[in-house]
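Participant: I have a structure here, written as structure tokens, and I will follow up with some questions on it.
The values are calculated or read from the model by the stated rules, or taken from the named source; none is laboratory data. Keep in mind that this is a model prediction, so the values were computed, not measured. Note that each Cβ is placed from the backbone with ideal geometry, even for glycine, and that neighbours are counted across all protein chains shown. Remember, those area values only see protein heavy atoms, side chains included, never the ligands or the DNA or RNA. Shrake-Rupley method; radii C 1.70, N 1.55, O 1.52, S 1.80 Å.
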Amino acid sequence: GGHGIVGAQVPLGCGLAFAQKYRKEETATFALYGDGAANQGQLFEALNISALWKLPAILVCENNHYGMGTAEWRAAKSPAYYKRGDYVPGLKVDGMDVLAVKQACKFAKEHAIANGPIVLEMDTYRYHGHSMSDPGSTYRTRDEISGVRQERDPIERVRKLILAHDLATAAELKDMEKEIRKEVDDAIAKAKESPMPDTSELFTNVYVKGFGVESFGADRKELRATLP
């Protein structure tokens, strides 16, 4: 999610994992963060409590090697993020290989439900800037970007696999791309043509209806009674 505080989604994810364990749902939560957020203190606090309570939490570090615009080696003494868990096991995964990611996530989910948290470091890359105001080329070379695109691009790797195993023809894949591009173009056109929402929608789905300060005390007492 988009959070004003970098890495704020990790404690939230671990909170969801606590709810899953408390309700005995046999499910797990994947909490994603970047290499830039990997040095945030709240991440280690969340990891500690998750390990202590054996929560079904999978902490996924999307390591694209550049936080906002700072190379990982300039921000982290130890950029082996999958080893950061100390008392929590971790795996380094080729994040540009869709099949490797699928298998790693399957393993991590099974592990987390049975044993508690695990860290996955997804070794990936971004071709463009971190945001609209970031050209993405001032802190790295264009040769680096094009080199990764040519050698590790995840879509091209899947395309080659599909063709190598005769799962589809080159013509079929091209037709599929055309259909998808049209779907995206149609969605963009529809969004541009749609009117702006009314100002009355500003608070829709933001606050729970009927939940005010006057009801907080009773709700808190009821919540306490249900916790272990």
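Participant: Looking at segment 114-143, which of its residues are open to solvent by 30 Å² or more (accessible area, probe 1.4 Å), in contact (Cβ under 8 Å) with a residue 24 or more places away in the chain and over 19 Å from the mean Cα position of the chain (by Cα)?
Facilitator: Passing the criteria: ASN115, THR138, TYR139.
Participant: If the Cβ limit is 6 Å and pairs must be 6+ apart or interchain, which residue in segment 84-101 that is on the phi < 0 side of the Ramachandran plot and open to solvent by less than 50 Å² (accessible area, probe 1.4 Å) pairs with which residue that is assigned to a helix (DSSP H, G or I) and aromatic (Phe, Trp, Tyr)?
Facilitator: Close Cβ pairs (under 6 Å, with a partner that is assigned to a helix (DSSP H, G or I) and aromatic (Phe, Trp, Tyr)) amount to GLY90/TYR82.
Participant: Same structure, new question: Taking the residues in segment 144-160 that are of a type in the set (A, V, I, L, M) and touching a residue at least 12 places away in the same chain (Cβ under 8 Å) as candidates, determine which candidate is nearest to ASP123 (Cα to Cα).
Facilitator: First, pick out the residues of segment 144-160 that are of a type in the set (A, V, I, L, M): 145, 148, 155, 158.
Remaining after also requiring touching a residue at least 12 places away in the same chain (Cβ under 8 Å): 145, 148, 158.
Details: ILE145: 15, VAL148: 12, VAL158: 17 Å.
Result: VAL148.
Participant: Spot the failing condition for ALA168; the list is (1) surrounded by 10 or more Cβ atoms within 10 Å (Cβ to Cβ); (2) at pLDDT 95 or above; (3) small (Gly, Ala, Ser); (4) not in a loop (DSSP other than H, G, I, E, B), and only one is missed.
Facilitator: Of (1) surrounded by 10 or more Cβ atoms within 10 Å (Cβ to Cβ); (2) at pLDDT 95 or above; (3) small (Gly, Ala, Ser); (4) not in a loop (DSSP other than H, G, I, E, B), only one is false for ALA168: (4).
Participant: Tally time: how many residues in segment 69-83 are in contact (Cβ under 8 Å) with a residue 40 or more places away in the chain, more than 30 Å from LEU161 (Cβ to Cβ) and of a type outside the set (A, V, I, L, M)?
Facilitator: First pass over segment 69-83, keeping only residues in contact (Cβ under 8 Å) with a residue 40 or more places away in the chain: 69-71, 75-76, 79-81.
When the remaining residues are screened for being more than 30 Å from LEU161 (Cβ to Cβ), the result is 69-71, 75-76.
With of a type outside the set (A, V, I, L, M) added as a condition, the list becomes 69-70.
Residues in segment 69-83 being in contact (Cβ under 8 Å) with a residue 40 or more places away in the chain, more than 30 Å from LEU161 (Cβ to Cβ) and of a type outside the set (A, V, I, L, M): 2 in total.
Participant: Counting just the residues of segment 1-60 that are of a type in the set (S, T, N, Q) and closer than 13 Å to ALA112 by Cα, which one comes out most open to solvent (accessible area, probe 1.4 Å)?
Facilitator: It comes out as THR27.
Participant: Can you confirm whether LEU99 is in contact with a Gly (Cβ under 9 Å, 6 or more places away or on another chain), over 21 Å from ILE145 (Cβ atoms) and of a type in the set (A, V, I, L, M, F, W, C)?
Facilitator: So LEU99 fails the test.
Participant: May I ask you to say which residue of ALA164, ALA168, ALA187 is free of Cβ contacts under 8 Å to residues at least 12 places away in the same chain and touching a helix residue (DSSP H, G or I) at 6+ places or on another chain (Cβ under 6 Å)?
Facilitator: ALA168
Participant: Right, here's the next one. How about segment 1-106: which helices (runs of 4 or more DSSP H) wholly inside it have at least 2 residues that are under 23 Å from TYR139 (Cα atoms)?
Facilitator: Those helices (runs of 4 or more DSSP H) span 72-75.
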